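Chemist: Mind looking over this structure? Questions follow.
The values are calculated or read from the model by the stated rules, or taken from the named source; none is laboratory data. None of these values were measured; they are calculated from a predicted model. We place every Cβ from the backbone using ideal geometry, glycine too, and count neighbours over all the protein chains shown. Just the protein is used for accessible areas: all its heavy atoms, side chains included, with ligands, DNA and RNA removed. Shrake-Rupley method; radii C 1.70, N 1.55, O 1.52, S 1.80 Å.
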Amino acid sequence: MTSLQNLLIAGFLTTSALIGTTLLHLLRDRRQWRMLRDDPSLVPAAVEEAARHDTAIQAFRRTTTGPVTLAGTKLPAGATVLVAFGAANRDEERYERADEFDITRPGNRHHLAFGHGPHGCPGSRLAREQLRLTLELFTRRLPELRLDEDRPSPRMRPTLIHRSPQDLYVTW
Ligand code: HEM
């Protein structure tokens, strides 16, 4: 039962958050929404850029299994660390204009939005597919989709770990 609960949380909160933030950024920058609508071959790159730029799981707590030196800092076994996937994905040494959302950014598949290594996210392919299908469907079926200016501006959920709009009012 606990495993099922964990799977539902791991698989639902994350993907709905990523779909929400992706639509938010695309609709705020209608130039990129129009680019995607006019050229669906950009969808896979948009999926990766969205996952990188507004990383749905910002960080996870981990425990070191042995002594390790990380970026010059020595840690003993059993140390608690916060692995900040979101910060890594905005590293200026890795990405030019790291804070910008740019669906034409080249070679951005190797971000850390889904973690890395033996405990990397087993649902990443499913999550990517869900976002891909959502973007393909929305750009095709609701090409005039836009933020509803008559409703309050979208706010993000006030949490440290999950990035997600609290609400997202749209119209078409
Ligand atoms: C946008 C969607 C998603 C994001 C951003 C995301 C992100 C992550 C991250 C960052 C980790 C930790 C990886 C690490 O420590 O290296 C993780 C682990 C995990 N994810 Fe996801 N995930 C998503 C969707 C899903 C889906 C759809 C499922 C299942 C249906 C899933 C199941 C899991 C499970 C079971 C783990 C734990 C793996 C382990 O500890 O060995 N995730 N995810």
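Chemist: Surrounded by 12 or more Cβ atoms within 10 Å (Cβ to Cβ) and more than 15 Å from Thr15 (Cα to Cα): which single residue out of Leu70, Leu82, Leu135 fits that description?
Modeler: Going through Leu70, Leu82, Leu135 in turn, the sole match is Leu82.
Chemist: With respect to Arg140, is the statement that it is open to solvent by 90 Å² or more (accessible area, probe 1.4 Å) and within 22 Å of Leu7 (Cα to Cα) true?
Modeler: Criteria not met by Arg140.
Chemist: Okay, next question. Among residues belonging to the range 50-75 that are part of a strand (DSSP E or B) and among the hydroxyl-bearing types (Ser, Thr, Tyr), point out the one that is nearest to the ligand (Cβ to nearest atom).
Modeler: Thr63
Chemist: Further, regarding this structure: Consider Gly120 against the criteria (1) touching a residue at least 60 places away in the same chain (Cβ under 8 Å); (2) more than 13 Å from the chain's Cα centre (by Cα); (3) more than 17 Å from Thr21 (Cβ to Cβ): it satisfies all of them except one. Which criterion is unmet?
Modeler: Condition (1) is where Gly120 drops out.
Chemist: Just checking, does the range 76-87 include any residue being part of a helix (DSSP H, G or I) and more than 10 Å from the ligand (Cβ to nearest atom)?
Modeler: yes
Chemist: Give Pro143, Pro158 a once-over and let me know the one that is within 18 Å of the chain's Cα centre (by Cα) and away from the ligand (no atom under 16 Å from the Cβ).
Modeler: Pro158
Chemist: Looking at the range 90-122, which of its residues are more than 22 Å from Ala71 (Cβ to Cβ) and surrounded by fewer than 16 Cβ atoms within 10 Å (Cβ to Cβ)?
Modeler: Arg97, Glu100, Thr104, Pro106, Gly107, Arg109, Pro122
Chemist: How do the helices (runs of 4 or more DSSP H) wholly within the range 1-49 filter down when requiring 1 or more residues that are away from the ligand (no atom under 12 Å from the Cβ), touching a residue at least 60 places away in the same chain (Cβ under 8 Å) and under 17 Å from Ala127 (Cβ atoms): which remain?
Modeler: 14-28
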